[in-house]
Each structure stands twice: as C-alpha cells, then as structure tokens.
Amino acid sequence: MDGQDDVKSEDSALLLGGSDERLSSESDMPNDQTGRITVNLGLEIGRVRLPLSEWAQVGPGSVLMLSGVGVGEAYLTDAEGVVAYGELVDVAGVMGFKIKRWRGIS
C-alpha cells in the first residue's frame, strides 16, 4: 500500500478524498468547536429478512445469505438511513471503508 492508505489511530485522523489532506480531531478543526461534535454512523454490509420460523432455527454455524450486495461492498448509515455506498478495504491491517458514492448522487 502507498502512503495514502496510512491512518493514524492515535489522533483520530481521517484520510479525505484519497489525498494526503487530513482532518484531525483537534489541531485542524475550526475554532468554532465543530471538533467537539460527534456523528453516530454505522457501517453495514447488508440486511436479511427471515420468517420467524427460520429465525428460530438460526444458531452457531448458520450461514445467512445477503442478496443485492457483492463481496466487500458495504454502506454507511446514519439515523436517517444510507449516507454513502462503498467498499471495505484493508488499511495497514485495519478494516476501512472507501466511499464510492454519496446518497442521492450518481
């Protein structure tokens, strides 16, 4: 991997736009306290809908099939639903999410 994929966990740096431009949790934030506001996001790979009778049979070793999503694909969600679509990537041994498309934008 090239240097663009390095993520520093100790300062919560976020790699933006595939460039070396980083937005740090403290040092690069505007003085208006925006850096103290958090956003609760989820990362999902798909959803499964099962009849209750099948759900009652699910246990260790069960395999649930996801439809409509390819291997490695995922989506970012907030309280209102899907925010972005993308793919799971390896970033120096840590799971990452690369945004391919924002909600409502082709």
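Each value in this text was obtained by applying a stated rule to the coordinates, not by laboratory testing. Note that the coordinates shown come from a computational prediction; the quantities given were computed from them, not determined experimentally. No Cβ is skipped: glycine too gets one built from the backbone with ideal geometry, and neighbour counts run over all protein chains shown.
Pop a pseudo-label 7 angstrom from the Cα along the beta-carbon direction at both Ala92 and Gln57 and give the gap in nm to one decimal.
Roughly 4.7 nm, to one decimal.
With θ set to phi - 60° and the Karplus curve 6.51 cos²θ - 1.76 cosθ + 1.60, what are the ³J(HN,Hα) couplings of the range 67-82 in order, to the nearest whole Hz, using x for Gly and Pro?
9, x, 9, x, 4, x, 7, 7, 9, 8, 10, 10, 5, 9, x, 6
In units of 2.2 N^0.38 Å, what is the alpha-carbon radius of gyration of the range 29-106?
Dividing the Cα radius of gyration by 2.2 N^0.38 Å gives 1.46.
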